[in-house]
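The values are calculated or read from the model by the stated rules, or taken from the named source; none is laboratory data. Predicted model, so just to flag it, every value in this text is computed and none were measured. Cβ atoms come from the backbone with ideal geometry, glycine included; neighbour counts cover every protein chain shown.
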Amino acid sequence: GAVVSQHPSWVICKSGTSVKIECRSLDFQATTMFWYRQFPKQSLMLMATSNEGSKATYEQGVEKDKFLINHASLTLSTLTVTSAHPEDSSFYICSARDGDKGYNEQFFGPGTRLTVL
Amino acid sequence: AQKVTQAQTEISVVEKEDVTLDCVYETRDTTYYLFWYKQPPSGELVFLIRRNSFDEQNEISGRYSWNFQKSTSSFNFTITASQVVDSAVYFCALSEAGTDKLIFGTGTRLQVFP
């Protein structure tokens, strides 16, 4: 149980285009989902926290108009990188909290590698 | 403010050696959680352990063991008889009670050579 999937696993796009990444909890309801960003050989940095049915809370320094997060259902959150540029190239990882379990129980997706040309 | 420090950037060992990965944390809360995750080359984070601040018992799981010392704010991870499959980046993370946010350390890259 507690499986989180991400789609796509990798994507290459041209500068200026928008890219949508999906994060799904497959066998549990995720009341809260998190989006992280990881540059090569660096740590994971939390970008935003999203709760189902409400607006995402962004960490300081993260542009909410550039990284659009939607958590429309208890099993799906999406991250859209708008007008992507090469500096947005990174590994994006989502995690989901099982609403039936205590907090701090986060399950991570396999990540999406974004390359912007 | 919360902070997690993993001073060891890279460690290289030969198979069957024991290796300890250090983790030092900072928090003002009395209730918090500590985690270790493994990130193999594939990129997917693998959960290893969660420990709450009130449980200072050391834990052993197979070849893995964890030493939690509140007095020194450390939560070190030891792999006994390391194997090539242990090669990965290991992250220590902290979460304060009342928040779901995970604060990650910078990670330690472990390379185990045959």
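Here is how the numbers come out for the structure above:
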{"quantity": "Extreme residue, nearest to the other protein chains (Cβ to nearest Cβ), among residues of region B:33-52 that are farther than 13 Å from A:F108 by Cβ and aliphatic (A, V, I, L, M)", "calculated": "B:L34"}
{"quantity": "Inter-residue pairs, beta-carbon under 8 Å, first at positive phi and in region A:14-36, second among the hydrophobic types (A, V, I, L, M, F, W, C) and crowded, with 16+ Cβ neighbours inside 10 Å, 6+ apart", "calculated": "A:G16/A:A84"}
{"quantity": "A:F108 over 26 Å from B:R50 (Cα atoms) and either more than 14 Å from chain B (Cβ to nearest Cβ) or crowded, with 19+ Cβ neighbours inside 10 Å (or both)", "calculated": "no"}
{"quantity": "Number of positions in region B:76-114 that are buried (at least 19 other Cβ atoms within 10 Å of the Cβ) and of a type in the set (G, A, S)", "calculated": "6"}
{"quantity": "Residue among A:M33, A:M47 that is under 27 Å from B:P41 (Cα atoms), more than 11 Å from chain B (Cβ to nearest Cβ) and at pLDDT 90 or above", "calculated": "A:M47"}
{"quantity": "Among the residues listed as A:S15, A:S25, A:S54, the single one being over 16 Å from the mean Cα position of the chain (by Cα), more than 11 Å from chain B (Cβ to nearest Cβ) and of a type in the set (G, A, S)", "calculated": "A:S15"}
{"quantity": "Of all residues in region B:20-67 being polar (S, T, N, Q) and under 14 Å from the mean Cα position of the chain (by Cα), the one that is surrounded by the fewest Cβ atoms within 10 Å (Cβ to Cβ)", "calculated": "B:S61"}
{"quantity": "Search result, residues across region A:17-64 that are basic (K, R) and under 21 Å from B:S95 (Cβ atoms)", "calculated": "A:R37"}
{"quantity": "Where A:L79 falls short, out of the listed (1) within 13 Å of chain B (Cβ to nearest Cβ); (2) crowded, with 20+ Cβ neighbours inside 10 Å", "calculated": "(1)"}
{"quantity": "Members of region A:17-72 found to be among the β-branched types (V, I, T) and more than 30 Å from B:Q8 (Cα to Cα), listed by number", "calculated": "A:T17, A:V19, A:I21, A:T31, A:T32, A:T57, A:I69"}
{"quantity": "Region B:57-114 - residue that is more than 11 Å from chain A (Cβ to nearest Cβ), among the hydroxyl-bearing types (S, T, Y) and free of Cβ contacts under 8 Å to residues at least 40 places away in the same chain and, of those, farthest from B:V46 (Cα to Cα)", "calculated": "B:S71"}
{"quantity": "A:S5 vs. criteria hydroxyl-bearing (S, T, Y), surrounded by fewer than 19 Cβ atoms within 10 Å (Cβ to Cβ) and closer than 26 Å to B:L48 by Cα", "calculated": "yes"}
{"quantity": "Set A:I12, A:I21: member being buried (at least 17 other Cβ atoms within 10 Å of the Cβ) and modelled with pLDDT of 95 or more", "calculated": "A:I21"}
